[in-house]
Amino acid sequence: MSWAVEEWKEGLSPRVLQKIHELESQVDKLKKERQQRQYQLETLEAALQKQKQKVENEKNESAILKRENQSLMELCDNLEKAKQKISHDLQVKESQVSIQSGQLNSCKKDIERLEQELKR
């Protein structure tokens, strides 16, 4: 079959044959270059898809972390409110203890005074 491909070249001048050979070489070279570029394009497209997937995964992880952060902030707020309530309750109880301690001291003095009166 290749002889049929070459048959059309018979009778052409050497200069024309040289030019045909140069053009065929150039075509072969361009075909190889096209194949290389196609391979590079496919490789770059695969890398792009990989990066897109990576970005999507990062976005998903970021969203998860944001939700977790929001949840933790709410938990911290709730704990702070509970701490403030407990602190307030403690102050109230310390105040009550102080009042009762004063009352106890007053009662002790009254008892001592009454015991002194009874001894008389």
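The values are calculated or read from the model by the stated rules, or taken from the named source; none is laboratory data. No experiment lies behind these values; they were computed from the predicted model shown. When we count neighbours, we look across all protein chains shown, and the Cβ atoms used for this are built from the backbone with ideal geometry, even at glycine. For the accessible areas, the whole protein counts, side chains as well, though only heavy atoms, and no ligand, DNA or RNA atoms are used. Shrake-Rupley method; radii C 1.70, N 1.55, O 1.52, S 1.80 Å.
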- Here the residues within the stretch 6-17 that are open to solvent by less than 80 Å² (accessible area, probe 1.4 Å) and part of a helix (DSSP H, G or I) are VAL16, LEU17
- Note on the structure: Pairs returned, first residue in the stretch 18-45 that is surrounded by 10 or more Cβ atoms within 10 Å (Cβ to Cβ), second residue that is among the charged types (D, E, K, R), beta-carbon separation under 7 angstrom, 6 or more apart or interchain, are ILE20/LYS9
- Message: For the stretch 82-120, give me each residue that is of a type in the set (Lys, Arg) and in a helix (DSSP H, G or I).
- Response: LYS83, LYS85, LYS93, LYS108, LYS109, ARG113, LYS119
